[in-house]
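A short worksheet on the structure shown next.
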Amino acid sequence: MKYLLALGVSLCLCTAVPTLSAAEEKEPARQSEETFDLGDGREMKFLLYLPKGYEEKEHWPLMLFMHGAGERGDDLSLVKKHGPPKLIENGKDFPFIIISPQCPKGTWWKTEDVVALLDHIMQIHNVDDNRVYVTGLSMGGRGTWQVAGAVPDKLAAIAPICGPSDETIVEKIVTIPTWVFHGGKDSVVNVDHSEKMVRLLKEKGGDPKLTTYPEAGHDSWTETYDNEELYEWLLAHELKMRKKMEADKQ
């Protein structure tokens, strides 16, 4: 499926998503390979996962997953190496719409491109605007921080994993429920990065969570994404709840 973004209007060059047959309902849901036209001759490839029974509900939570540096390129099978895309390939069902974009080889996540894709998916799919979540690992952990800083008013919660810190966005994301994960023996991105972000958020009045795996190296994501508690925690947060709490404090 190919998506087009032009003249500020998002168009979907596709047919409607088909309703699943009874036989298809019995099979594990799968993620499709998609392309989003960013304009100026640029495209973003991404994986799209629609949960079982997608057509039966008017609104679904949305999770944006951002991979690490090792999965960059133009081969979407690389994105399936870790995180939710890997689990989906292994047969796991999620109660989310999940989009997993791929960063081009030799580049870093371009926040405005990721946000453009996020906005487009929110427009054309059955997304619950109150339950939009972002998570990512390593380079995608930093991407998670940066997307949150760009669109704090759209996100219900974030879960950055072993990502480099970005102090510039702290004040913008103070009220976003945040759960940070890192390996205590990470030699690629030192755990100090996550500890610093959590400390700065707390100094500004935030209430982030930090889980450190004392014996883990850079791969702190496998244990994190295998933990059902993460998904339960994400789903427990809604944007309208956060905005109400913000209003009550004023």
* Can you give me the number of residues within region 95-115 that are in contact with a Pro (Cβ under 8 Å, 6 or more places away or on another chain) and open to solvent by less than 10 Å² (accessible area, probe 1.4 Å)? => 5
* Structure fact -> Filter region 227-243 for residues that are without any contact (Cβ under 8 Å) to a residue 24 or more places away in the chain and closer than 18 Å to Leu137 by Cα; the one that is least open to solvent (accessible area, probe 1.4 Å) is Asn227
* Structure fact -> For Asp128, the lone unmet condition from (1) assigned to a helix (DSSP H, G or I); (2) touching a His at 6+ places or on another chain (Cβ under 7 Å) is (1)
* Give me the pairs, please: first residue somewhere in region 147-171 and surrounded by 24 or more Cβ atoms within 10 Å (Cβ to Cβ), second residue anywhere and basic (Lys, Arg) and not in a helix (DSSP H, G or I), beta-carbon distance under 7 Å, and either six or more positions apart or on two chains. => Ala156/Arg131
* Structure fact -> Scanning region 213-226 residue by residue, the ones that are surrounded by 17 or more Cβ atoms within 10 Å (Cβ to Cβ) and among the polar types (S, T, N, Q) total 2
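Quick one: would you say Asp186 is open to solvent by 50 Å² or more (accessible area, probe 1.4 Å), of a type outside the set (Lys, Arg) and either farther than 25 Å from Ala69 by Cβ or in contact (Cβ under 8 Å) with a residue 12 or more places away in the chain (or both)? Lay out the reasoning, then the answer.
On the way: open to solvent by 50 Å² or more (accessible area, probe 1.4 Å): no; of a type outside the set (Lys, Arg): yes; either farther than 25 Å from Ala69 by Cβ or in contact (Cβ under 8 Å) with a residue 12 or more places away in the chain (or both): yes.
Here the answer is no, as Asp186 does not meet what is asked.
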* Residue in region 43-69 that is most open to solvent (accessible area, probe 1.4 Å), counting only those that are modelled with pLDDT under 95 and in a helix (DSSP H, G or I) -> Glu56
* State whether one or more residues within region 73-92 are without any contact (Cβ under 8 Å) to a residue 60 or more places away in the chain, under 23 Å from Pro164 (Cα atoms), assigned to a loop (DSSP other than H, G, I, E, B) and out of contact with any Phe, Trp or Tyr (no Cβ under 8 Å at 6 or more places or on another chain). => yes
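The values are calculated or read from the model by the stated rules, or taken from the named source; none is laboratory data. As the structure is a prediction and not an experimental result, all values here were calculated from the model. With ideal geometry, Cβ positions are generated from the backbone for all residues, glycine too; neighbour counts draw on all protein chains shown. Just so you know, the surface numbers come from the protein's heavy atoms only, side chains and all, with ligands and any DNA or RNA stripped out. Shrake-Rupley method; radii C 1.70, N 1.55, O 1.52, S 1.80 Å.
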